[in-house]
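K.L.:
Below is the structure I would like to discuss, written out as structure tokens.
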Amino acid sequence: MPHKTGNPWTVLTTKPIYENPWMRVVEHDVLTPLGNPGIYGVMHAQNLATGVVPIDDQGRVTLVGQYRFPLEQYSWEIPEGGGKKGVDPVESAKRELLEETGQTARHWLPILTMHLSNSITDETAHCFLAWGIEQGQAEPEETEVLQLRHVPFVEAYAMVKRGEITDAIAVACLMRVRLMALDGDLPEDVTRLILG
């Protein structure tokens with residue numbers, strides 16, 4: 001049976017439900033792929049998401065801890081945030097790294113583009129590995145109460161394996177970086193920092 005890659009949904013009407021600077025929610029009256037009437041709600045992200053795995057000269061990753069309001073729980077993550085559409089995602093990632101950790105990096109490598117919760121949102125994340133870290137002063141936003149931890153990459157990866165890091169961007173990026181190191185897809189000096 002041939003694979004079909006076109007849109008099997010028929011949109012009858014679309015109505016806006018809610019909008020703020022971070023998201024826009026719309027509801028579509030649809031016909032499902034089997035032709036039955038239904039609704040489909042979609043959250044459109046107003047910004048792009050970014051994530052950074054910063055590796056210092058000692059092979060440590062800077063993790064950011066913060067309380068996540070929707071989950072009602074504390075979360076350890078890599079530095080991440082948002083950037084305006086139309087702005088190069090690496091520039092937004094550099095700004096987020098500086099704001100959250102006070103760090104800048106001499107080297108940047110794109111490692112992953114991913115869609116987050118793609119059954120209900122069109123949010124896209126662009127993720128990077130950064131090294132050649134220099135430490136400065138963090139400048140968190142007023143909504144951010146952050147803690148920083150500097151842990152060896154192998155420990156950050158172990159935190160993923162133990163379920164202590166559950167943030168989707170952080171999990172995907174830490175696993176991706178380890179895989180790239182194992183596959184020889186990173187500069188040799190960076191691979192040594194990551195794998196120990």
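The values are calculated or read from the model by the stated rules, or taken from the named source; none is laboratory data. Worth saying up front: this structure is predicted, and the values here are computed from it rather than measured. No Cβ is skipped: glycine too gets one built from the backbone with ideal geometry, and neighbour counts run over all protein chains shown. Ligands, DNA and RNA are stripped out before the accessible areas are found, and what is left, the full protein with its side chains, is counted by its heavy atoms. Shrake-Rupley method; radii C 1.70, N 1.55, O 1.52, S 1.80 Å.
K.L.:
Mind listing which GluC sites (Glu not before Pro) in the range 27-91 are in a DSSP loop and have 10 or fewer other Cβ atoms within 10 Å?
P.N.:
Sparse-neighbourhood loop GluC sites (Glu not before Pro): Glu72.
K.L.:
Report Rg (one decimal) and Dmax (nearest whole number) for the range 70-196, counting Cα atoms only, units Å.
P.N.:
14.7, 41
K.L.:
Before rounding to the nearest 500, sum -39500 (n - 2.57) across all DSSP H runs of length at least 4 in the chain and divide by the residue total; then give [θ] at 222 nm in deg cm²/dmol.
P.N.:
Taking each H run of at least 4 residues, the total per residue is -7000 deg cm²/dmol.
K.L.:
Now a separate question. Only Cα pairs under 8 Å and at least 6 apart count here; give the relative contact order of the chain as a rounded whole percent.
P.N.:
Relative CO of the chain lands at 21 percent.
K.L.:
Could you work out which residue, out of Ile133, Ile120, Ile169, moves most in a Gaussian network model of the chain, that is, has the largest mean-square fluctuation with Cα springs under 10 Å?
P.N.:
Between Ile133, Ile120, Ile169, it is Ile120 that shows the largest mean-square fluctuation.
K.L.:
Give, in nm to one decimal, the length gained when the segment between Gln73 and Asn20 is fully stretched (0.36 nm per residue of separation minus the Cα-Cα distance).
P.N.:
Roughly 16.7 nm would be gained on extension.
K.L.:
With label points built 7 Å along Cα→Cβ from the Cα atoms of His44 and Lys85, find their separation and express it in nm.
P.N.:
0.6 nm
K.L.:
Using a Förster radius of 35 Å, what is the FRET efficiency between Asp29 and Gln66 based on their Cβ-Cβ separation? Nearest 0.05, please.
P.N.:
So the FRET efficiency works out to roughly 0.40.
K.L.:
Leaving ligands, DNA and RNA out of it, report the carbon-plus-sulfur percent of the accessible area of the chain at a 1.4 Å probe.
P.N.:
55 percent
K.L.:
Quick one: accessible area per residue over the chain, 1.4 Å probe, rounded to a whole number of Å²?
P.N.:
With the other protein chains kept in place, the chain gives 59 Å² per residue.
K.L.:
Report the net charge of residues surrounding Glu164, where surrounding means a beta-carbon distance below 15 angstrom and charges are Lys +1, Arg +1, Asp -1, Glu -1.
P.N.:
+1
K.L.:
GNM on the chain, C-alpha springs below 10 Å: top fluctuator among Lys15, Lys94, Lys85?
P.N.:
Between Lys15, Lys94, Lys85, it is Lys15 that shows the largest mean-square fluctuation.
K.L.:
For Thr10, what residues show an amide H to amide H distance below 5 Å, using hydrogens built from the backbone and excluding near sequence neighbours?
P.N.:
HN-HN under 5 Å from Thr10: Leu31.
K.L.:
Can you list the HN-Hα couplings for the range 117-129, worked out from phi with the Karplus curve (6.51, -1.76, 1.60; θ = phi - 60°), rounded to whole Hz and with x for Gly and Pro?
P.N.:
Karplus-based 3J(HN,Hα) across the range 117-129 equals 6, 6, 8, 10, 9, 9, 4, 10, 10, 10, 10, 9, 9 Hz.
K.L.:
Among bridges DSSP assigns within the chain, what percent are antiparallel (round to 5)?
P.N.:
Taking every DSSP beta bridge within the chain, about 85 percent pair in antiparallel fashion.
K.L.:
Nearest 10 degrees, 0 to 90: what angle lies between the long axis of helix 89-101 and the longest principal axis of the chain (Cα atoms)?
P.N.:
60 degrees
K.L.:
Along the range 164-176, what does the Karplus equation 6.51 cos²θ - 1.76 cosθ + 1.60 (θ = phi - 60°) give for ³J(HN,Hα), rounded to whole Hz, x for Gly and Pro?
P.N.:
For the range 164-176, the Karplus-derived couplings read 8, 10, 10, 4, 4, 5, 4, 4, 4, 5, 5, 5, 4 Hz, x marking Gly and Pro.
K.L.:
Under a GNM of the chain (C-alpha, springs under 10 Å), which listed residue has the highest mean-square fluctuation: Gly86, Gly136, Gly51?
P.N.:
Of the options given, Gly86 has the highest mean-square fluctuation.
K.L.:
If amide hydrogens are placed 1.01 Å from N in the peptide plane, which non-local residues have theirs closer than 5 Å to the one on Val53?
P.N.:
Under 5 Å from the amide H of Val53: Phe128, Leu129, Ala130.
K.L.:
Heavy atoms only, 1.4 Å probe, whole protein assembly: order Phe153, Phe69 by accessible area, highest first.
P.N.:
Phe69, Phe153
K.L.:
With label points built 7 Å along Cα→Cβ from the Cα atoms of Asp57 and Trp9, find their separation and express it in nm.
P.N.:
It works out to 5.1 nm between the two label points.
K.L.:
Hey, can you grab everything whose amide H is under 5 Å from the amide H of Glu123? Only 5+ residues off in sequence or another chain; H modelled, so Pro and N-termini drop out.
P.N.:
Excluding prolines and chain starts, which carry no amide H, the hits are Ala45, Leu116.
K.L.:
Take Gln147 and Glu134, extend 7 Å from each Cα along the Cα→Cβ direction, and tell me the distance between the two endpoints in nm.
P.N.:
3.0 nm
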